[in-house]
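The values are calculated or read from the model by the stated rules, or taken from the named source; none is laboratory data. Since the structure is predicted, the reported quantities are computational estimates derived from the model, not experimental observations. Methodologically, a virtual Cβ is constructed for each residue, glycine included, from the backbone with ideal geometry; neighbour enumeration extends over all protein chains shown.
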Amino acid sequence: MKPAAKRVLLTGNHAVAWAARLARPKVAPVYPITPQTPVLELLTDFQAAGEFDAEIITVESEHSVMSACIPASLTGVRVFTATASQGLLLMHELLHYAAGARAPIVMANVNRTVASPWAFWPDQTDSLAQRDTGWIQYYVESAQEALDTVLQAYRVAEQVLVPAMVNLDAFYISHALEPVALPAQADVDAYLPPYDPPHRLDPARPEGWGNVITQDMFYRHRMDIEAALQRVPALAAEADREWATITGRSWGVVERYRCDGAQTLMITMGSMCGSAREAVDALREAGEAVGLVKLRLFRPLPVAALRAALAGASDVIVLDRNHSPGLGGILHQELRAALYGMEGAPRIHGLLAGVGGVNVPPERLVAWVNACRGRMPQPESTWVR
């Protein structure tokens, strides 16, 4: 019988560092930024103890972090990094380059408000502002899910040769302690074999990246990236199923919670899912047919899975912990586009809830659900507190 997984108390940040250790990267360029810094601190502790066989590169900025990640990945080794908020924004130029170079870097991003004004609370605008860079984007609800998702992200990214970002909300996940099951190294090694890409920087076999090309070549290059990303939802689901056979834990691409017979569904991402579950439980106890749809994979958007998860509902209430000025809630507008033309599509109500880290207790969610049901939906998102 396989021994039980070791259970320890970990923050979300430390769970991410453990995942990086288990994935066996060879290069880890990282720059400290609140609230991501404990990831780097624990990785350096692992390295000092001889438990992390990777080159940790500490550079002068996050722009330089990604500048180091890309060539390292192109030499054919596994690469890990982590950042947050303004650090992610400083990387923006290089995020496009990483995706275009087909470098399957995995990066943990701790979602935090972006300046200005300056603040340090959970808000997903930092990563959602990078949605068009060509990176896979996961959003997680807990420390355990963060650890598992980093490993799954490597599995998927290295199959399609596209980088992946694993996003966890600041403080609610990054600094909160919870029991986490640590998988055995042998199990991770079997699940995540050594990275061996078909192309790499090799003096014995010269190749080039980042050349100036024709319009037609660029067009075909973008088509190739799109084709790779279209494979991701199925590969992510497969990676999750295989992880479940090893650990017994499955997170899905889209999760449905108490959705059977539900006429009203909430949908959100990240830590707010915990509060939404409690609100659903309270509404169900009151005899209300309400459920929750948790979106774990945001890029590429799993349109087919979302349509299946939301089919049959009358009202869908989208909870956005982000704000795109002039547009409103990003998930709200993405979902409206995803369901456009769907026969029997539900009414979609967008709520800007939790922007800037504002607390969203379950009782408030209950009140919003009751206020939205049956109302005519509006194209714009509504500010709620």
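Within segment 197-215, the set of residues being surrounded by 10 or more Cβ atoms within 10 Å (Cβ to Cβ) and either within 24 Å of Ala157 (Cα to Cα) or in contact with a Gly (Cβ under 6 Å, 6 or more places away or on another chain) (or both) comprises Pro197, His199, Arg200, Leu201, Asp202, Trp209, Gly210.
Residues checked against (1) free of Cβ contacts under 8 Å to residues at least 24 places away in the same chain; (2) over 16 Å from the mean Cα position of the chain (by Cα); (3) on the phi > 0 side of the Ramachandran plot:
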| position | (1), (2), (3) |
| --- | --- |
| Gly270 | no, no, yes |
| Glu278 | no, yes, no |
| Leu297 | no, no, no |
| Pro300 | no, no, no |
| Leu306 | no, yes, no |
| Ser314 | no, yes, no |
| Asp320 | no, no, no |
| Gly329 | no, yes, no |
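Here Gly341 fulfils each of the conditions (1) surrounded by fewer than 23 Cβ atoms within 10 Å (Cβ to Cβ); (2) assigned to a helix (DSSP H, G or I) apart from (2).
Is it true that Asp281 is touching a Lys or Arg at 6+ places or on another chain (Cβ under 9 Å), crowded, with 17+ Cβ neighbours inside 10 Å and among the acidic types (Asp, Glu)?
Answer is no for this residue.
Here Ala353, Ala313 are screened, and the one residue that is more than 24 Å from Val114 (Cβ to Cβ) and not assigned by TED's automatic domain parsing to the domain that holds Arg112 is Ala313. For Leu89, the criteria (1) buried (at least 21 other Cβ atoms within 10 Å of the Cβ); (2) hydrophobic (A, V, I, L, M, F, W, C); (3) over 21 Å from Ala19 (Cα atoms) hold in every case but one, which is (1). Does at least one position in segment 177-187 carry a residue that is among the small types (Gly, Ala, Ser), out of contact with any Asp or Glu (no Cβ under 6 Å at 6 or more places or on another chain) and surrounded by 18 or more Cβ atoms within 10 Å (Cβ to Cβ)? No - not one qualifying residue is present in segment 177-187. Tally the residues that are touching a residue at least 60 places away in the same chain (Cβ under 8 Å) and more than 17 Å from the chain's Cα centre (by Cα), restricting the search to segment 99-139. The number of residues fulfilling the criteria is 7. Considering segment 348-385, and only residues there that are more than 20 Å from Ala170 (Cβ to Cβ) and of a type in the set (Gly, Ala, Ser), the residue that is surrounded by the fewest Cβ atoms within 10 Å (Cβ to Cβ) turns out to be Gly374.
Scan segment 189-202 residue by residue and report those that are hydrophobic (A, V, I, L, M, F, W, C) and either over 20 Å from the mean Cα position of the chain (by Cα) or on the phi > 0 side of the Ramachandran plot (or both). Result: Ala190, Leu201. Checking each residue in segment 233-255 for being touching a strand residue (DSSP E or B) at 6+ places or on another chain (Cβ under 6 Å) and either surrounded by fewer than 18 Cβ atoms within 10 Å (Cβ to Cβ) or touching a residue at least 60 places away in the same chain (Cβ under 8 Å) (or both) picks out Ala236, Glu255.
For segment 351-385, enumerate the residues that are assigned to a strand (DSSP E or B) and within 22 Å of Asp126 (Cβ to Cβ). The answer is Leu351, Leu352, Trp383.
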